[in-house]
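See below for the structure under consideration.
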């Protein structure tokens with residue numbers, strides 16, 4: 001039976017086919033888009049610009065956003081289906097458009113954020129995340145607009161420390177883009193990969209996947225206007241640090257260490273990473289965590305169980321400020337586990353210690369911005 005969508009004719013002994021837009025639409029109606037589990041036509045992804053010139057056809061597929069994970073496979077499937085349903089001789093050109101506005105280029109991200117602070121440590125277990133959480137809350141207590149990003153993709157802890165493990169961020173539309181709305185608590189806007197993964201399951205991602213997830217949390221979130229954007233970085237030096245340096249102009253770094261010699265040796269490496277001539281991120285100062293132990297029943301006593309003034313001496317050696325010395329107090333651990341970091345209790349000694357840290361950070365950031373040029377994003381040349 002003759003197919004009324006095609007007309008076959010012979011010219012110069014060569015069998016040719018006349019293409020019609022309906023023929024293309026019918027082929028695309030057989031391609032399923034994984035994002036909607038419907039075909040491309042029903043998903044309203046086929047543009048109204050089908051152009052035909054002999055055996056050449058061009059049209060536009062409209063995707064939800066530029067970072068659509070199904071885009072590449074869908075484009076291949078659409079071309080393959082046209083070749084299968086019509087003819088392998090059809091020359092297919094597919095343009096792409098996006099319902100959501102494109103992500104801003106690196107260098108133009110977070111235009112409303114005034115200061116980006118990386119909180120780092122040379123090794124794990126020194127209380128860096130505790131310092132990050134309390135610093136963010138203390139800055140908010142001082143009246144600043146604060147955001148906190150948990151960049152430890154493989155060991156996120158902020159949802160638990162803020163008592164928001166059961167929360168799930170939702171999407172909002174702003175300036176033609178679909179953005180993630182951060183969770184807000186204690187006056188701090190918070191995002192973490194911990195909101196999107198099972199807390200009881202290990203995150204087994206390659207470096208590229210982790211970096212892409214981090215970029216999404218930075219660029220595709222509705223951070224809005226912030227005075228301070230705190231980055232709780234993973235311990236040590238890693239791909240995540242490089243991604244941050246290549247994505248954001250970091251105002252300065254705060255290094256957290258205990259007085260212990262092993263921790264101090266790793267803290268030096270962290271300082272060296274930021275001071276590397278290709279990175280050149282200013283060190284705002286050091287925080288000596290677990291500086292001493294004071295038992296509740298003997299509040300005047302200090303026991304230096306990890307050594308005395310180790311980070312203070314390192315700060316002098318590395319010519320950078322000592323921002324704070326935070327003691328070991330049982331309530332710091334308990335408050336963090338209960339989702340109420342110590343900075344929420346400003347009437348306590350530890351709460352006041354973190355308020356003092358926040359005030360010190362404000363002072364050094366203001367001085368840094370006055371005396372030094374803005375930090376440049378790190379560019380890695382491909383050779």
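Of note:
- Taking 0.36 nm per residue of separation and subtracting the Cα-Cα distance, full extension of the segment from residue 42 to residue 276 would add 78.9 nm.
- Subtracting the Cα-Cα distance of residue 170 and residue 366 from 0.36 nm times their residue separation leaves 67.1 nm of extension gain.
- Ellipsoid equivalent to the range 234-294 - semi-axes via the Cα gyration tensor, in Å: 23, 11, 10
- Alpha-carbon centroids, the range 214-234 and the range 16-36: separation in whole Å: 41
- Percent of beta bridges antiparallel (DSSP, the range 8-98, rounded to nearest 5): 55
- Top of 300, 91, 79 by mean-square fluctuation, Gaussian network on the chain, Cα under 10 Å: 300
- Each of 130, 201, 151, 18 was scored by other Cβ atoms within 10 Å of its Cβ. Arranged with the fewest first, they read 201, 18, 130, 151.
- Helix 128-141 axis, angle to the chain major axis (alpha carbon atoms, nearest 10°): 90
- Applying 1/(1 + (r/R0)^6) with R0 = 25 Å to the Cβ-Cβ distance of residue 337 and residue 316 gives a FRET efficiency near 0.15.
- The chain: antiparallel DSSP beta bridges as a percent of all, rounded to 5: 30
- Rounded to two decimals, the Cα-based Rg/Rh of the range 258-383, with Kirkwood Rh, is 1.04.
- Two-site label geometry, residue 373 and residue 304: point separation in nm, points 7 Å out along Cα→Cβ: 4.2
- Rounded FRET efficiency, nearest 0.05, which uses the C-beta distance separating residue 246 from residue 32 and R0 of 41 Å: 0.70
- Percentage relative contact order, the chain, counting C-alpha pairs under 8 Å, at least six apart: 16
- Rounded to the nearest angstrom and listed largest first, the equivalent-ellipsoid semi-axes of the range 8-98 from its Cα gyration tensor are 26, 12, 11.
- Summary of packing: across the peptides 301-307, 212-218, the per-residue average of other C-beta atoms within 10 Å ranks them, highest first, as 212-218, 301-307.
- If you sort the three axes of the alpha carbon gyration tensor as a ≥ b ≥ c, you get a/c of 1.5 or more for the range 158-273 and a/b above b/c, which makes it prolate.
- Residue order, fewest to most beta carbons within 10 Å, for 109, 231: 109, 231
The numbers here are math on the coordinates, done by the rules we state, and not lab data. Predicted, not measured: the structure shown is a model, and the values here were computed from it. All Cβ positions, even for glycine, are placed from backbone atoms using ideal geometry, and neighbour counts span all protein chains on display.
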